[in-house]
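The values are calculated or read from the model by the stated rules, or taken from the named source; none is laboratory data. Predicted, not measured: the structure shown is a model, and the values here were computed from it. Note: ideal-geometry Cβ built from the backbone for every residue, glycine included; neighbour counts use all protein chains shown. With ligands, DNA and RNA removed, areas are computed over all heavy atoms of the protein, side chains included. Shrake-Rupley method; radii C 1.70, N 1.55, O 1.52, S 1.80 Å.
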Amino acid sequence: MLKYIGKRLLHLLIILVAVSFITFLLMYISPGDPARKKLTSGGSIAVSEELLEKTRREMGLDRPFLVQYGSWLSGVVKGDLGNSYKDGLPVSAKLSKGLGYTLTLSLSSLVLALAVSLPLSILTAVKKNTPADYIFRFLSFIGNSLPNFLISVLLMYFLCVKARLLPVIAENSFKGLLLPTLALAIPLSGRFLRQFRAEILEQLGKSYVSGAAARGVRSYYILISNVLHNALPGILTVIGLSVGTLLGGSVVIETIFRWPGLGKLVMDSITARDYPVIQGFVLFAAVVYVLINLVTDLLHRKIDPRIARQEGRV
Amino acid sequence: MQKAKKKKRPGAVKLRFFLFLTIALVVFSLIAPLFAPHDPNATNPQTLNLAPCAEYPLGCDLYGRCVLSRILAGAGTSVFSAVALVALTFVIGTFAGMISGWYGGIADTLIMRIAEIFLAFPQMVLAIAVAGILGGGMGNAMLALGVTGWTLYARLARAQVMTLKEEPFVQAARLSGFGAFRIMFRTLLPNMAGPLIVNAATQLGTMMISLAGLSFLGIGVQEPKAEWGSMVAASRSYMQLAPWAVLAPAFAILITVMIFNYLGDCFRDYLDVEAEHE
């Protein structure tokens with residue numbers, strides 16, 4: 001196991017270096033001169049040629065590409081993601097300010113989605129092809145077909161404008177958290193329900209289930225200690241991959257509900273052409289995503305030792 | 001082996017129905033602008049936020065533009081670009097994956113490493129960053145989603161080629177002296193199309209949602225060009241006065257995505273292969 005973790009971590013390091021390179025390239029594909037962007041993002045329009053030249057030198061833009069990448073990367077390793085063009089604050093400080101909000105929103109959506117979809121997926125799998133199964137599968141199908149921005153707009157329309165139950169703009173409170181959480185959790189539960197159900201159904205169809213039932217093992221015991229245990233790795237993978245959806249979705253949802261997390265910060269930075277902040281967020285999202293998926297893989301092996309044994313044999 | 005299973009599989013009728021519906025939808029999206037009763041971009045101060053009536057069946061938006069005309073004009077952009085994006089990533093990804101699986105060695109390592117790097121980014125995050133940095137436009141939005149989209153097909157095609165490569169019928173084709181490309185496209189491709197098609201059909205809905213999402217954020221299709229996602233965004237602040245201008249494009253998106261997703265499900269049931277988790 002330790003050897004495997006070491007191998008994976010080494011691999012992770014290579015991927016992360018490549019990811020950092022792509023992220024650095026993002027700056028390069030941005031149209032225009034970074035020095036000019038830095039000077040004009042504050043609002044001034046006319047910039048003298050000398051000032052531009054000076055800023056370019058300060059930013060190190062006159063150096064070769066790989067040298068620039070190297071110095072950027074060595075900064076990143078030390079936690080320095082550069083400074084915002086807009087207000088000169090360190091990008092890492094800006095990101096960590098929004099992180100708490102995004103974490104709260106993502107976690108509450110994930111918990112809500114799991115609370116809804118886990119019991120329902122067990123129910124629909126066990127009661128396959130009954131009216132309850134059809135109804136919840138249809139609902140999950142609709143949830144899966146609704147883009148999160150549409151859900152937000154529809155929720156706002158029906159709950160805030162029509163019924164006047166909630167404020168339209170999210171304050172940092174439970175009430176404010178409710179709508180963005182729902183908007184993220186609804187499509188997520190739709191997808192979870194569908195994929196969890198498939199995982200559980202696959203296990204239910206295995207011969208060990210009928211074998212245990214024939215031996216007179218109680219059905220709920222088989223369900224909880226065998227079926228769910230064996231479906232768990234698949235379920236964990238689905239949850240791990242959903243982190244990517246949550247990170248991307250947070251940009252849309254936080255912008256709509258003005259929730260001051262990372263997503264809103266990124267959209268504001270896109271509007272202001274504040275590229276270092278966008279770059280920092282992309283790097284952060286990729287690192288989180290890769291790490292979460294590594295953890296799911298490791299949990300996978302912990303739950304199902306057969307995976308490690310199979311690989312050992314090959 | 002394939003010939004023996006000639007009897008009709010369940011779900012064939014349903015699949016045909018949704019396939020027909022999808023093709024009809026795509027064709028319609030291309031000719032829909034011709035049916036627009038009004039100029040989709042013509043603003044009219046007299047019809048600002050006008051409620052649906054006989055002349056404007058879906059009402060007017062905040063600039064007095066006919067909502068129905070804009071939905072019809074936007075159909076081409078919203079529906080067709082999603083289909084085109086899936087088709088493009090499908091072709092590129094499948095090709096890369098087949099090369100990777102067939103030749104192995106350096107080509108395989110190179111292609112799969114690149115795929116792996118792009119897979120490290122959450123798709124929507126990278127798409128928002130790329131589209132945001134490049135500035136709006138449908139082309140940039142499609143590029144932003146395409147850079148990660150092809151990896152799905154590449155991995156699938158590679159795995160399929162690797163397993164099929166050693167099959168006797170492929171060996172036979174090789175011994176007959178057929179070239180690598182002939183074997184890949186004439187012998188291998190028909191035998192591995194199932195999982196690829198299921199995933200492509202599932203991606204239709206996903207890509208449609210993502211493209212509309214980028215446009216909604218203002219980094220996809222730009223106003224005044226009609227597109228369903230940006231229509232929702234533009235009319236959002238006037239929801240109290242003119243809910244129809246938001247709800248009409250919203251339901252257009254929902255219904256289209258549902259048809260696409262149904263098609264994906266039908267393909268999956270019919271070919272009996274599971275789609276990859278996203």
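If DNA, RNA and ligands are ignored and the probe is 1.4 Å, what is the ranking of A:259, B:102, B:244 by accessible area, most exposed first?
If we order A:259, B:102, B:244 from most to least accessible, we get B:244, B:102, A:259.
Please work out how much accessible surface residue A:306 shows to a 1.4 Å probe, ignoring ligands, DNA and RNA, in Å² rounded to 10.
Rounded to the nearest 10, that gives 130 Å².
Percentage of Cα-Cα pair distances in the range B:205-278 greater than 17 Å, rounded to whole percent?
Result: 52 percent of Cα pairs exceed 17 Å.
Please report the equivalent ellipsoid semi-axes of the range B:16-65, computed as sqrt(5 x eigenvalue) of the Cα gyration tensor, largest first, in whole Å.
Semi-axes from the Cα gyration tensor: 30, 12, 8 Å.
How do B:235, A:48 stack up against each other in accessible area, from largest to smallest, with a 1.4 angstrom probe?
Greatest to least solvent exposure: A:48, B:235.
If I take R0 = 35 Å and measure r between the Cβ atoms of residue A:53 and residue A:9 in this structure, what FRET efficiency does the formula 1/(1 + (r/R0)^6) give, to the nearest 0.05?
Given R0 = 35 Å and the Cβ-Cβ separation, E is 0.20.
In percent, what relative contact order does chain B have, based on Cα pairs under 8 Å that are 6 or more apart in sequence?
Across chain B, relative contact order equals 24 percent.
Quickly work out the residue B:109-to-residue B:91 label distance, labels modelled 7 Å from Cα along the C-beta direction, and quote it in nm with one decimal.
Taking the simple label geometry, residue B:91 and residue B:109 are separated by 3.1 nm.
If I stretch the segment between residue A:65 and residue A:142 completely, what's the gain in nm (0.36 nm per residue apart, minus their alpha carbon distance), one decimal?
Computed gain between residue A:65 and residue A:142 is 22.9 nm.
Quick check: residue separation of residue A:104 and residue A:29 times 0.36 nm, minus the Cα distance between them. What number comes out in nm?
Once the chain is fully extended between residue A:104 and residue A:29, it gains 23.7 nm.
Taking the Kirkwood radius as the inverse of the mean 1/r across Cα pairs, report the Rg/Rh of chain B.
On the Cα set of chain B, Rg over Rh gives 1.07.
For the range B:166-177, just list the computed ³J(HN,Hα) in residue order, Karplus coefficients 6.51, -1.76 and 1.60, θ = phi - 60°, integers in Hz, with x standing in for Gly and Pro.
Karplus-based 3J(HN,Hα) across the range B:166-177 equals 8, 5, x, 5, 6, 4, 4, 4, 5, 5, 6, x Hz.
For the pair residue B:44/residue A:165, report the inter-label distance in nm, with labels modelled 7 Å from Cα in the Cβ direction.
The two pseudo-label positions are separated by 3.8 nm.
Each residue of the range B:90-106 in order: what ³J(HN,Hα) in whole Hz does its phi give by Karplus 6.51 cos²θ - 1.76 cosθ + 1.60, θ = phi - 60°, with x for Gly and Pro?
My calculation for the range B:90-106 gives 4, 5, 5, x, 4, 4, 4, x, 5, 4, 4, x, 6, 7, x, x, 5 Hz in order.
With only alpha-carbon atoms in the gyration tensor, what are the semi-axes of the equivalent ellipsoid for the protein assembly as shown, in Å, largest first?
Listed largest to smallest, the semi-axes of the protein assembly as shown are 38, 33, 27 Å.
Spin-label point model (7 Å from Cα, Cβ direction): what's the residue A:307 to residue B:62 distance in nm?
4.8 nm
So for the range A:91-313, what are the equivalent ellipsoid semi-axes in whole Å, largest first, each being the square root of 5 times an eigenvalue of the Cα gyration tensor?
Result for the range A:91-313: semi-axes of 37, 24, 12 Å.
Give a residue-ordered list of calculated ³J(HN,Hα) values for the range B:28-43 (Karplus: 6.51 cos²θ - 1.76 cosθ + 1.60, θ = phi - 60°; whole Hz; x for Gly, Pro).
Result, ordered by residue: 4, 4, 7, 9, 3, x, 5, 8, 4, x, 10, 5, x, 9, 6, 8 Hz.
Taking the range A:216-314, how much of its Cα-Cα pair set, in percent, is spaced more than 22 angstrom apart?
51 percent
With +1 on the Cβ of every Lys and Arg and -1 on the Cβ of every Asp and Glu, and nothing else charged, how large is the dipole of chain A about its Cα centre, in debye rounded to the nearest 20?
I would put it at about 1060 debye.
With a length cut of 27 Å (Cα positions projected on each helix's long axis) and a Kyte-Doolittle mean of at least 1.0, go through chain A and give me the DSSP H helices that pass.
Span-like helices, by this rule, are A:2-29, A:91-126, A:228-257, A:275-303.
Determine the gain in length on full extension of the stretch residue B:84-residue B:251; use 0.36 nm per residue of separation and subtract their C-alpha separation, reporting nm with one decimal.
That pair, residue B:84 and residue B:251, stretches by 58.0 nm at full extension.
Near residue A:143, within a Cβ-to-Cβ distance under 12 Å, what is the net charge of the other residues, with Lys and Arg +1 and Asp and Glu -1?
Counting the neighbours of residue A:143, the net charge comes to +3.
At 222 nm, what value in deg cm²/dmol follows for chain B if DSSP H runs of at least 4 each add -39500 (n - 2.57) and the sum is divided by all its residues, to the nearest 500?
-22000 deg cm²/dmol, from helical runs alone.
Which value, in Å² rounded to 10, gives the accessible area of residue A:116 with a 1.4 Å probe and all protein chains present?
For residue A:116, solvent-accessible area is about 60 Å².
Suppose we look only past 29 Å in the calculated P(r) of the range B:13-165. What percent of the Cα-Cα pairs does that tail hold?
For the range B:13-165, the fraction of Cα-Cα distances above 29 Å is 42 percent.
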